[in-house]
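Asker: Handing you a structure now.
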């Protein structure tokens, strides 16, 4: 976080045992040189992985379908979630440099308008450098795990060499440094240990051919694997009757425990048994937490040192001129002492304000990350059920915009988390500093504050009384049955009261307008890091790029990871594999009786599918109507195709006849 150190410009006293930065020594692996030199092994490793993979569609029969197209991460699956999260966690420091410091891969001293091109090239260099690590995890092959292991060790060595191989700083400073780098260090250690273990396990595991990707003795084993998968468990839960609601708590202790548990679940996180987050969501949340943790820790240490240095300097000056006024003292010294005492109190108060605002902002963002995961889960489960109350409907957006939003989501989320944290920190800092100034300078500001309070309290009291009066009269006088039904009572009195309240509400509306502006600013800054809530009104949510990206991401997730659709496709694949296995056995030992049995089985399956289709259409009239419309459209399209094909044949025949007539005329002339 060099940008923070340059921003603060902290003067360092070597007598402080907790000081993190005594003398800046040159890094063992400079950032720009390391990224540029990493390109060569990264490109070579990517080519090796490509030639170790076959193409699914071999259009060119060369090298047995090699090289294949490799990808760094399947954003739709839920496998290797923690490996991807750890790999993205190692990018936290690089992401912080990109978000806050515009860190580039090489220096550029040319025209300013070409710096955008510099940023694009730098992002490409960063992506190529980390590509073999992610692609190696995705391939799930010995070569991939070996390359991923080598790159994880290289990145771990670069991390340790740059941030732990400093000059001697004392035991306490090393402990503080380790605590500050703890989440990122754990990510590096996880990759450095788990990837070699997977490499050894992949070598020991026998390699299966593509045709035997699902090895089974019978179809029961195949269907059992589908039933026990994550999607199969989800579908099985849909057919189960929901459990009865829990009994209400009895006794004071049970009520206190249940209320405390519900409060903690509302504030922090409520677990849903059986739900599994996607690898992309876990990775984004991991890198967001690590970014918040390390930035908060570094700012905390640097601000603590800065204010401690200022406090020691103020104490030294006060001790030199004396803290107690002496007889016959120069008035200038007395006034200087009073100013220094006020400044000393301000330094102590500002340190509390800065550190408190920093920790509160960090806590708010961590809680928001937990709420964000809960919101993702609830929105995804609602989309699985066909409910779309919170997000922008899919039919109001094009498919291309949904894909673009899904691609933007991860980068947008990290950037919003970073800048949202700083905006919240500065807003909290303004509030706490204002409170501290009022408390410290109360002797100087009390007359001004009391004068403003005497002017404003009638407005506040009047608006409060009028609002309460309108509410009470509406409930007990102007509505029937004390407001239980929306039916008017005392209509003439209501019309008189509404007429006179028109003029009073103009007066109250001025204060209400100011409160609306203040609430918009506070809530907009508070929910800025959260992409699952738009900061704009419902009709203008398309103008919110963060929320638009989140909607695209959620619609793509729900469309391609729906457990019901996935289980249905798996059953179709199982049926296909079962039929292929039966056909292979059939060709080995063919007889007439087996053929008849196969025909009977085919007829039974066809009759069964027709019966299920009829049963579904009878119980779901809407589906029946939609099916008729689709069949009608297909029939019209077939008729159009036949018509156009016949018309094209007629035109070809006419053109051929014209050509023949021309040839005959030419021959006659000759």
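Asker: State the number of residues belonging to segment 457-487 that are free of Cβ contacts under 8 Å to residues at least 12 places away in the same chain and surrounded by 12 or more Cβ atoms within 10 Å (Cβ to Cβ).
Answerer: Number of matching residues: 6.
Asker: I've got another one for you. Can you pull out every residue in segment 355-412 that is without any contact (Cβ under 8 Å) to a residue 40 or more places away in the chain and buried (at least 17 other Cβ atoms within 10 Å of the Cβ)?
Answerer: Selection gives 388 alone.
Asker: Regarding segment 507-524, can at least one residue be identified that is over 41 Å from the mean Cα position of the chain (by Cα) and more than 30 Å from residue 377 (Cβ to Cβ)? First the steps, then the outcome.
Answerer: Taking segment 507-524 as the starting set, the residues that turn out to be over 41 Å from the mean Cα position of the chain (by Cα) are 507-508.
When the remaining residues are screened for being more than 30 Å from residue 377 (Cβ to Cβ), the result is 507-508.
Looking for residues that are over 41 Å from the mean Cα position of the chain (by Cα) and more than 30 Å from residue 377 (Cβ to Cβ), one finds at least one in segment 507-524, hence yes.
Asker: Ok, one more. What about residue 325, is it touching a residue at least 12 places away in the same chain (Cβ under 8 Å) and not in a loop (DSSP other than H, G, I, E, B)?
Answerer: Answer is no for this residue.
Asker: Residues in segment 509-516: is at least one in contact with a strand residue (DSSP E or B) (Cβ under 9 Å, 6 or more places away or on another chain) and not in a strand (DSSP E or B)? Give the steps one after another, and end with the answer.
Answerer: Going through segment 509-516, the residues in contact with a strand residue (DSSP E or B) (Cβ under 9 Å, 6 or more places away or on another chain) turn out to be none.
Checked segment 509-516: no residue is in contact with a strand residue (DSSP E or B) (Cβ under 9 Å, 6 or more places away or on another chain) and not in a strand (DSSP E or B).
Asker: Within segment 334-354, which residues are closer than 15 Å to residue 428 by Cβ and surrounded by fewer than 17 Cβ atoms within 10 Å (Cβ to Cβ)?
Answerer: First, pick out the residues of segment 334-354 that are closer than 15 Å to residue 428 by Cβ: 349-354.
Scanning segment 334-354 gives a single hit, 352.
Asker: Let me ask something additional. Counting just the residues of segment 62-84 that are more than 17 Å from residue 557 (Cβ to Cβ) and in a helix (DSSP H, G or I), which one comes out farthest from the chain's Cα centre (by Cα)?
Answerer: Ranking the candidates gives 83 first.
Asker: Then there's this: Please tell me if residue 422 is surrounded by fewer than 17 Cβ atoms within 10 Å (Cβ to Cβ), within 30 Å of residue 542 (Cβ to Cβ) and within 20 Å of the chain's Cα centre (by Cα).
Answerer: yes
Quick note: the coordinates plus some simple rules give every number you see, no bench work behind them. Owing to the predicted nature of the structure, the values given are computational and were not obtained by experimental measurement. Glycine also receives a Cβ, built like all others from the backbone with ideal geometry; neighbour counts cover every protein chain displayed.
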